[in-house]
Amino acid sequence: MASLPGAFFEKGRSFLPCLFNSFDPYFKQPFGAVRAGQSVHLSLCIPEELGYVDPHLVLQKEGRYDVPVHYRMKFDGQTPHQNHFSVDVTLNDVGLYFYYFDLYTDFRRIVRGPDNCGVVSWQEGESWQITVYEADFETPAPIKGKVFYQIFPDRFCEGVENKPMPFPDRLYQADKHAEPFWQPNEVGGHLNEDYFGGDLKGIQMKLPYLREMGVDYLYLNPIFEAHSNHRYNTADYLNVDPLLGTNEDFETLCAEARKYGIGIVLDGVFSHTGSDSRYFNREGRYGEGGAYRDPNSPYRSWYDFDPKYKGGYRSWWGFETLPEVNEETPSYVEFITGEGGVIDTWLRRGAAGFRLDVADELPDEFIEKVRTAVKRVGPDKFLLGEVWEDATTKFGFDKRRTYLLGKGLDSVMNYPFKNAVLGFVCGRDAGQTMTDILSICEHYPAPALDTALNFLSTHDTERALTVIADEPANGRGREWQSGRCVTGEAYEEGMLRLRMAYAIIYTLPGVPCLYYGDEIGLSGSGRDENKRAPMIWDDNGSGLTYGPPDMERQENRFESVEKQLSDPDSILNYYKRALRIRNENPEISRGTTEVMELSGNSGGDIAAVRRTWNGSSILIVYNLSDEAASLSDAALELDSRSVRGYLAVSAGDEPSLSGELEIPPHSIVFLK
């Protein structure tokens, strides 16, 4: 990871090599998004060689009737060979603003370059963005600085073994070595109808383990009654799926989790239901009622029936088993968001919040009503959204989405961070990686950035180890993916890079989230059954154990949780050390982020950032190379600091600080 171009954060600079860079506090204050009514100070540094200039800020709020506004910049003085200009603007209206600078001579302008530095252009170019959010936007304080852990319930832990199936069309995998179904059935479908039996009691059994891991919140994939093992095809919003347990079991789980300081966030799937549900009931499981069977059903208005659609009704991405709902229908809105409705019921049963599935496919107005329902129960209840891109620039429903500006979501799943970090440890350009990370930091409102969910794997994506160390599927089918594994040197190198990737995630702004199994090095390719493989607890088969001989092989160097806990060099204990260091230093979990320049780092293998919180700072130095490094940069202030902690491949690879900082390969050092 290399620092961005420009002399960032150096005091007493006599020469600035950049015309403008919104990441640098000399050029823009405050950093990032601002509250409505807040002023922004912008500065330019113009080399004398450009001749006479009369720079103007050209600022345009995005909106149908908004036009560019030109603000003349005042002359602030000179330094050798450079002229300095600045302007202050107050931004009163919520929305996105885009800006560049017009030099008002020779048709020249300063636009955003690929590294975020300003470049002179005679043509239109990319603008910088300022996000202005609601002045009263706040997010739950208990979430900030904490750690999440994601669980796919059917594959985590079985607390009640050999339980009977609640419905005859479910297939129970009593033999945990049996392969999760992936081959097509007689009509070519993949029904996700095999169940390994993970349940709420199993999660409750593992609360001590999760607390020892440093986990503060669990994000559970759907637990409502549904007729698939993923449960994204909701059948009954008000009841736990009977294979997972009962509503009382959920309340008990929440109460027991609170004793360990752990909250539980649920997955809310509100853009569609299952066709096999009490609301739609195409399959007839729920009697003669339901929107599909009864034109007079109270649920009929929730759906869009029309012969132009496949199957005669609108469905999610054409999947007939997932009929889409009309989120504007008053009875549906009331059912989900009204007092005594779905949101209200589960939060009062003990949930700490909701994650909205496919949030960018829900209307902003509906999300705002969900927020009202969540905050009605308590301001500390959390509302997270699934958005795969920069959530401030997302476009949908023929307009720019507004759900991250203070009236909708608290925050989002941070896919841009995931893509940047995994790309970087796989060899992507370090400078562009940091630009992508800092762009999200700049665009997101601070309350949302503080609570953004940072992760490397999910139930929807290839596991991080597979991305790092294996050949990508690139659209190849299940037959090709079946039986693939990460082995040999690729596995060893992948585990090194996986450690570093998670360590980076743990030191970025936001809240880190570990997907179950990543802490023991599970791999998993794109097909669902691999990235949702059973957790490996021990070698005796208790709870859930590893999969079948012909399933994608999980070559675990340190094997089960049980064995890894006893090995100080295991990846599991590495994660525990990383979380402990993070939790012991609030600067890491809550502080502002500054990228620091290091001399002699042409290879881009060494990087350093300063995280500052409440006047205290911690330096984080990364060595991503295969060799030890010696650092003596004045910017590191080594004379006044000591080693606060470190993360290395082996617990015995300790850094040293005596005049110079000696940092082992593939390691991170924390200086205070």
Against the longest alpha carbon principal axis of the chain, how many degrees, from 0 to 90 and to the nearest 10, is the axis of helix 430-443 turned?
80
Difference of contour (0.36 nm per residue) and Cα-Cα distance, ASN239 to GLU584
120.3 nm
Flagged as over-length at 31 Å C-alpha distance, from LYS381/LYS576; LYS381/LYS418; LYS144/LYS201; LYS308/LYS407; LYS375/LYS563; LYS407/LYS672, the pairs are LYS308/LYS407; LYS375/LYS563; LYS407/LYS672
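Grab the DSSP H runs of the chain that are 4 residues or longer, score each as -39,500 (n - 2.57), total them, divide by all residues and round the 222 nm result to the nearest 500 deg cm²/dmol.
Working: 16 runs with 141 residues, N = 672.
Only helices count here, giving -6000 deg cm²/dmol.
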Between ASP54 and ARG400, take the C-beta separation as r, use R0 = 41 Å, and let me know the FRET efficiency to the nearest 0.05.
0.80
Between GLU328 and THR612, how many nm apart are label points set 7 Å from Cα along the C-beta direction?
4.9
Let me know the shape class of the chain, please: from the alpha-carbon gyration tensor, a ≥ b ≥ c as square roots of the eigenvalues, rounded when a/c is under 1.5, otherwise prolate if a/b is greater than b/c, or oblate.
oblate
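Could you give the accessible area per residue of the chain, probe 1.4 Å, as a whole number in Å²?
Details: 25640 Å² over 672 residues.
Using a 1.4 Å probe on heavy atoms only, each residue of the chain averages 38 Å².
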Quick check on region 294-416: of the DSSP beta bridges with both residues there, what percent are antiparallel, nearest 5%?
40
Would you mind telling me the share, in percent, of accessible area of region 279-418 contributed by carbon and sulfur at probe 1.4 angstrom?
52
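Using only alpha carbon pairs under 8 Å that are at least six residues apart, calculate the relative contact order of region 287-362 and give it in whole percent. Provide the component values of the computation, followed by the final result.
Values: 65 pairs, mean separation 12.0, N = 76.
Across region 287-362, relative contact order equals 16 percent.
Summing +1 for each Lys or Arg and -1 for each Asp or Glu, what net charge is found among the other residues whose Cβ lies under 13 Å from the Cβ of ASN239?
On the way: positive: ARG231, ARG278, ARG349; negative: GLU225, ASP236, ASP241, GLU248, ASP249, GLU251.
With Lys, Arg at +1 and Asp, Glu at -1, the net is -3.
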Got a number for carbon plus sulfur as a percent of region 77-119's accessible area, 1.4 Å probe?
55
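Could you work out the relative contact order of region 246-382, using alpha carbon pairs under 8 angstrom and six or more residues apart, expressed as a whole percent?
Values: 204 pairs, mean separation 34.9, N = 137.
For region 246-382, the relative contact order is 25 percent.
Considering only the other residues whose Cβ falls under 10 Å of the Cβ of PHE670, what net charge follows from Lys and Arg at +1 and Asp and Glu at -1?
Numbers: positive: ARG582, ARG611, ARG641, ARG644, LYS672; negative: GLU584, GLU587.
Once positives and negatives cancel, what remains is +3.
Taking the Cβ-Cβ separation of TRP122 and SER301 as r and a Förster radius of 60 Å, what is the calculated FRET efficiency to the nearest 0.05? All intermediate terms of the calculation are to be shown ahead of the outcome.
Details: r = 56 Å, r/R0 = 0.94.
Computed FRET efficiency for TRP122 and SER301: 0.60.
If you place +1 on the Cβ of every Lys and Arg and -1 on the Cβ of every Asp and Glu, how big does the dipole about the Cα centre of the chain come out, in debye to the nearest 20?
Numbers: 68 positive and 102 negative charges, 271 e Å.
I would put it at about 1300 debye.
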Spin-label pair SER86/ARG211, simplified geometry with 7 Å Cα→Cβ offset, distance in nm:
5.2
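Looking at the chain only, what percent of DSSP beta bridges run antiparallel? Nearest 5 please. Write out the running numbers ahead of the final one.
On the way: 76 of 104 bridges.
Of those bridges, close to 75 percent are antiparallel.
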Can you compute 3J(HN,Hα) from phi for each residue in region 24-40, using the Karplus curve 6.51 cos²θ - 1.76 cosθ + 1.60 with θ = phi - 60°, rounded to whole Hz and x for Gly and Pro?
8, x, 5, 8, 8, 9, x, 5, x, 5, 10, 6, 4, x, 8, 8, 10
Positive-pole candidate from PRO534, TYR237, PHE137, dipole of the chain, charges at beta carbon:
PHE137
Skipping prolines and chain starts, which residues have an amide H placed within reach, meaning under 5 Å, of the one on ASP66, given they are 5 or more residues away or on another chain?
none
How much length would be gained if the chain were fully extended between ASP76 and ALA174, taking 0.36 nm per residue of separation minus their Cα-Cα distance, in nm to one decimal?
27.8 nm
For region 255-277, list residues with backbone N below 14 Å from a point placed 7 Å from the Cα of PHE167 toward its Cβ?
273-277
For region 213-267, which whole percent of the accessible surface, found with a 1.4 angstrom probe, sits on carbon and sulfur atoms?
46
Between GLU134 and SER625, what is the FRET efficiency for a Förster distance of 51 Å, r being their Cβ-Cβ separation, to the nearest 0.05?
0.70
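Calculate, in nm to one decimal, what SER566 and PHE98 gain on full extension: separation in residues at 0.36 nm each, minus their alpha carbon distance.
On the way: separation 468, 0.36 × 468 = 168.48 nm, distance 5.40 nm.
The span from SER566 to PHE98 would gain 163.1 nm if fully extended.
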For the chain, averaging the sequence separation of alpha carbon pairs under 8 Å that lie six or more residues apart and dividing by its residue count, the contact order in percent is 12
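The values are calculated or read from the model by the stated rules, or taken from the named source; none is laboratory data. The shown structure was predicted, so the numbers you read here are calculated from the model rather than taken from an experiment. Cβ sites come from the backbone with ideal geometry, for glycine too, and all protein chains shown count toward neighbours. Note: accessible area is taken over every heavy atom of the protein model, side chains too, but ligands, DNA and RNA are not part of it. Shrake-Rupley method; radii C 1.70, N 1.55, O 1.52, S 1.80 Å.
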